[in-house]
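Notes for the one structure printed next.
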Amino acid sequence: MYGAILGDIIGSPYEFDRGSKSKDFPMFSPKSAFTDDTVMTLAVAEALLELPPRAEDGDIRRALIQSLQRWGQRFPHAGYGAMFRGWLRSGSPRPYGSCGNGSAMRVSAVGWLYADLPTVRRMARLSAEITHNHPEGIKGAEAVACAIFLARTGSSKAEIKAFIERQFHYCLSRTCDEIRPEYRHVETCQETVPEAITAFLEGDSFENVIRTAVSLGGDCDTLTCIAGSIAEGFYGVPEELKQQCRSRLPGELLEILTRFEERLQA
């Protein structure tokens, strides 16, 4: 999950179209900080780490809801959207038909924890539909989780691109140079996920994917979170960037990340 968290941290100063749409920017600055993307990514991870074997869909949904609400309430000022803030405080939380990119930015743990694509898609759907039960919200989460799974299990970029286009019907034919001039801050899956995947496809290293994603502008903490999550599966993350990531997380969030690493290494 380092890729997702680093994407969030590095992209955060440039959210709301505050960047120069250039790849030439400092990777870290005093304004580089984690946001709701990181909190919810780690909340999903914790819920999945604690699931019993062969958990039923209802149990999985309940675990996810409890974890997202617990961590969202612990970090109430991380930058949540208005509808999601209400969901976090609700005593009887219900999905609210969102197609927002929140479902896609928090899904990276799914792409790492499961061993086959049908399970990855099932778990991504469950992680999305507790809030983002619009078809596009579910589709965005599934597409990102599948891209991570394919990236970490040896698929080429051409194979990942073909799979995403075939299964999810996203248009991945535009280049980043074509996207960049008119791209703006937008928070839907359908206008964030394809752009993030395109940044991953064009980048030639983990850092270059991050820089390419930030250069597109828009909701670039989330866009870069998504692109970084896929890039980690394909390239890995340099140790010095992992150290930067760890240094910017409070102990309680770092503990989840550490547990997640230990699970993957077991």
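Taking the condition of being open to solvent by less than 70 Å² (accessible area, probe 1.4 Å), under 10 Å from Glu46 (Cβ atoms) and not aromatic (Phe, Trp, Tyr), how many residues in region 59-72 meet it?
4
So which residues in region 78-103 are open to solvent by 50 Å² or more (accessible area, probe 1.4 Å) and either among the hydrophobic types (A, V, I, L, M, F, W, C) or assigned to a helix (DSSP H, G or I) (or both)?
Scanning region 78-103 gives Ala82, Met83, Arg85, Arg89.
Residue check: is Leu42 over 18 Å from Phe206 (Cβ atoms), open to solvent by less than 10 Å² (accessible area, probe 1.4 Å), out of contact with any His (no Cβ under 7 Å at 6 or more places or on another chain) and at pLDDT 95 or above?
Yes, satisfied.
It is to be established whether one or more residues within region 154-161 are under 27 Å from Arg18 (Cα atoms) and in contact (Cβ under 8 Å) with a residue 40 or more places away in the chain.
no
Just the residues that are within 22 Å of Asp8 (Cα to Cα), over 14 Å from the mean Cα position of the chain (by Cα) and free of Cβ contacts under 8 Å to residues at least 24 places away in the same chain, please, taken from region 84-124.
Answer for region 84-124, where residues must be within 22 Å of Asp8 (Cα to Cα), over 14 Å from the mean Cα position of the chain (by Cα) and free of Cβ contacts under 8 Å to residues at least 24 places away in the same chain: Arg85, Leu88.
Out of Leu241, Leu249, Leu257, Leu253, which single residue is surrounded by 14 or more Cβ atoms within 10 Å (Cβ to Cβ) and part of a loop (DSSP other than H, G, I, E, B)?
Going through Leu241, Leu249, Leu257, Leu253 in turn, the sole match is Leu249.
Of these, Phe75, Phe25, which one is more than 24 Å from Thr188 (Cα to Cα) and either surrounded by 18 or more Cβ atoms within 10 Å (Cβ to Cβ) or touching a residue at least 40 places away in the same chain (Cβ under 8 Å) (or both)?
Phe25
Output yes when any residue across region 43-60 is touching a residue at least 40 places away in the same chain (Cβ under 8 Å), part of a helix (DSSP H, G or I) and farther than 18 Å from Glu252 by Cα, and no when none is.
So far as region 43-60 goes, yes, one or more of its residues are touching a residue at least 40 places away in the same chain (Cβ under 8 Å), part of a helix (DSSP H, G or I) and farther than 18 Å from Glu252 by Cα.
For region 237-266, enumerate the residues that are in contact with a Phe, Trp or Tyr (Cβ under 7 Å, 6 or more places away or on another chain) and not aliphatic (A, V, I, L, M).
Scanning region 237-266 gives Pro238, Lys242, Gln244, Cys245, Arg248.
Do any helices (runs of 4 or more DSSP H) entirely within region 175-230 hold 2 or more residues that are touching a Pro at 6+ places or on another chain (Cβ under 9 Å) and buried (at least 18 other Cβ atoms within 10 Å of the Cβ), and if so, which?
Answer list for region 175-230: 206-216.
Do we have Ala33 as open to solvent by less than 10 Å² (accessible area, probe 1.4 Å), under 26 Å from Gly233 (Cβ atoms) and not aromatic (Phe, Trp, Tyr) here?
No: the conditions fail for Ala33.
Between residues in region 232-258 that are on the phi > 0 side of the Ramachandran plot and residues that are modelled with pLDDT of 95 or more and surrounded by 13 or more Cβ atoms within 10 Å (Cβ to Cβ), which pairs lie under 7 Å by C-beta distance while being six or more apart or on different chains?
Cβ pairs passing all conditions: Gly236/Phe206.
The values are calculated or read from the model by the stated rules, or taken from the named source; none is laboratory data. It should be emphasised that the depicted structure is a prediction, and the values quoted were computed from it without experimental measurement. No Cβ is skipped: glycine too gets one built from the backbone with ideal geometry, and neighbour counts run over all protein chains shown. For the accessible areas, the whole protein counts, side chains as well, though only heavy atoms, and no ligand, DNA or RNA atoms are used. Shrake-Rupley method; radii C 1.70, N 1.55, O 1.52, S 1.80 Å.
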